[in-house]
Ligand code: F6R
């Protein structure tokens, strides 16, 4: 059942090229240069008239929501707020008929997310569900939705659910951008083309596995770990830190790279590994100067870089390459090495990666 893999988590990490393909299949029609999503099409007016989109989710799904915030705002120019479902529901949120609420949930059963959409519905908002489990409570409660086609995710640490959620949300943003006219037809086509190339590029990124395992062995006994990223890759830093915490029990924090100097920089010494997402485009030069600041404080630098990068390679202790792509799609690639890094650290430490202590696959308690 683990398909020859030692753990479900590793199997699911390796299933991502297929899961992403399955998620855009039938929706991304490159030859016709269109995106077809019934749940969006049927409710186009609601989306186009929306004052804003509010995304509600928990955990890794909340991180996918944060990535989506950057993508929706960049491509479709719709204001987006991303809320922890548990905070949203308990604070008497200001919400009405011209709001669109997107709930993101792998299991479709997360109690706080379910309660958040019930509340939003009661205030007249239109609710769209992005779930993986077909027929789940959130999928049924939403007015409309789109399923991720990741297949069953068994490992408690979410991996392929995250990348397929980003895939769906990217398709939605592109579809809405086209409808609103906020993207040119050539840009739109380029996005479709690049999105279709992602599964192969994920496959490429997975090839760094042995190199990542070697890095994991060097840093597995660290007590703390910092993850930095900017823009589209800031949420990836948060997700990388969450993955490490939940399965290896090493304390980790994700931060927007530029926030480092506002506090976390005080933590940096020769015992602190810092994973920096420093792919080309996306404020690359600024991230490189962050890396220089880390280096001068003797922090250990693991750079996630674009293939062929030389600048970060010179400064960093290690680099892990991912293929080049559009900046907006880069989270689909930069996430991969972070999943593998936490997987290998947890395995080397002898932890139960598929069933970490204190965690459940679906959180149906509040
Ligand atoms: C992290 C993880 C959790 C879930 C969260 C939401 O790896 O698995 O943080 O992402 O409990 O779960 P869903 O997406 O099922 O609502």
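Values for this structure:
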| item | result |
| --- | --- |
| Pairwise FRET efficiency - residue 87 versus residue 364, Cβ, R0 = 25 Å, nearest 0.05 | 0.85 |
| 222 nm mean residue ellipticity, helices alone, for the chain (DSSP H n ≥ 4; -39,500 (n - 2.57); rounded to 500) | -14000 deg cm²/dmol |
| Rounded, prolate or oblate (a/c below 1.5 giving rounded, otherwise prolate when a/b exceeds b/c) for the stretch 1-82 by Cα gyration tensor | oblate |
| Average Cα contact separation per residue, the stretch 22-88, under 8 Å, 6 or more apart, as relative contact order % | 28 percent |
| Rounded tilt (10° steps) of 209-219 against the dominant C-alpha axis of the chain | 60 degrees |
| The chain: relative contact order as a whole-number percent, Cα under 8 Å and 6+ apart | 19 percent |
| Most mobile of 336, 34, 250 in a GNM of the chain (Cα contacts under 10 Å) | 34 |
| Cα gyration tensor category, rounded, prolate or oblate, for the stretch 9-162 with a/c compared to 1.5 | oblate |
| Protection proxy ranking, peptides 297-306, 215-224, 161-170, 338-347, average beta carbon neighbours within 10 Å, highest first | 161-170, 338-347, 297-306, 215-224 |
| Rg over Rh, two decimals, the chain (C-alpha only, Kirkwood Rh) | 0.96 |
| Highest average packing first - 179-189, 12-22, Cβ atoms within 10 Å | 12-22, 179-189 |
| Potential extension, residue 5-residue 121 segment - 0.36 nm per residue separation minus Cα distance | 37.5 nm |
| Rough spin-label spacing in nm, given labels placed 7 Å along Cα→Cβ, for residue 262 and residue 249 | 3.3 nm |
| For the chain, built as a Gaussian network whose Cα springs stay under 10 Å, the top-fluctuating residue of 109, 203, 87 | 87 |
| Rg to Rh quotient for the stretch 130-261, alpha carbon positions, Kirkwood Rh | 1.02 |
| Shape call, the stretch 81-155: gyration tensor on alpha carbons, a/c limit 1.5 | prolate |
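We did not get these values from a lab; they are worked out from the coordinates using the rules stated. From a predicted model like this one, the values you see are computed outputs, not experimental measurements. Cβ coordinates were reconstructed from backbone atoms using ideal geometry, including for glycine residues, and neighbour counts include every protein chain displayed.
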